[in-house]
1. Quote to one decimal, in nm, the extra length available between ASP44 and LEU7 on full extension: 0.36 nm per residue of separation minus the C-alpha distance between them.
2. Go ahead and estimate [θ] at 222 nm for the chain from helices alone: -39,500 (n - 2.57) per DSSP H run with n ≥ 4, summed, over the residue count, rounded to 500.
3. Testing the spin-label approximation: label points 7 Å from Cα along Cα→Cβ at ARG144 and ILE176. State their distance in nm.
4. Nearest 5 percent is fine: what portion of the DSSP beta bridges confined to the chain is antiparallel?
5. Who wins for biggest fluctuation among GLY98, GLY25, GLY54 in a Gaussian network model of the chain, springs between alpha carbons below 10 Å?
6. Please report how far the C-alpha centroid of region 27-81 lies from that of region 84-140, rounded to the nearest whole angstrom.
7. Could you tell me whether region 77-137 comes out rounded, prolate or oblate from its Cα gyration tensor? Rule is a ≥ b ≥ c as square roots of the eigenvalues, rounded for a/c under 1.5, then prolate if a/b exceeds b/c, otherwise oblate.
8. Compute the angle between helix 31-41 and the longest alpha-carbon principal axis of the chain, please, reported from 0 to 90 degrees and rounded to the nearest 10.
Amino acid sequence: MPDLRELFLKDKIFAYPTEGVWGIGCNPFSELAVKKLIQLKNRDENKGIIVLAGNLGQIKALTGHLDRDIRIKMEDKWPGPHTWLIPSASNTPKWLLGNTGLLALRVSDHKTVQNLTSELKMPICSTSANISGNAPAKDEEEIRKFFGDKVHIIEGQLGGLSKPTPVQILETEEWIRK
């Protein structure tokens, strides 16, 4: 079996189970990897990509600029199936941001995500495992149907959600997806 961290650092794309749907992702700090992911999904570049962590320490560099009260509000929903859109820090890679300039972050309580990010020693970027506009893959067979051998599949079970995680703007509390 190939070393996951080595594949990750070589800009490979991964498929993995999350709280509600299968996701695909890659190294969020590699512009090449994120562009490959966007092209593979036929995704609009202006949508931005979620950065998914298994613990708060993995996203400290992306949230350190936020004031204490807003971090407390954000962390109140984590770890768990909640994605926040936060103001980006000056060091946030632009390829992660949508046209809003906000960064999508989630700290997951899903064991496969926690194990994966722990093994990689960093967060991953995450989006549903589908070709844009189609329903997310329900299992490994559908992932292979959508993407062939262009993704490395991480085995595991989906969490209990029946849909992708909710998305909310941190500062205004406006819901983007419930």
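Just so it is clear, none of the values below were taken in a lab; they were calculated from the coordinates. Not measured: the values here are computed from a predicted model. Glycine also receives a Cβ, built like all others from the backbone with ideal geometry; neighbour counts cover every protein chain displayed.
1. Numbers: separation 37, 0.36 × 37 = 13.32 nm, distance 2.51 nm.
Taking 0.36 nm per residue and subtracting the Cα distance, the gain is 10.8 nm.
2. My calculation for the chain gives -7000 deg cm²/dmol from helical runs alone.
3. Each label point lies 7 Å from its Cα, and together they span 3.4 nm.
4. On the way: 17 of 27 bridges.
Looking only at bridges with both residues in the chain, the antiparallel portion is about 65 percent.
5. GLY98
6. Spelled out, the Cα-based centre of one part sits 5 Å from the other.
7. On the way: a/c = 1.64, a/b = 1.13, b/c = 1.46.
The shape class here is oblate.
8. Tilt relative to the chain: about 60 degrees.
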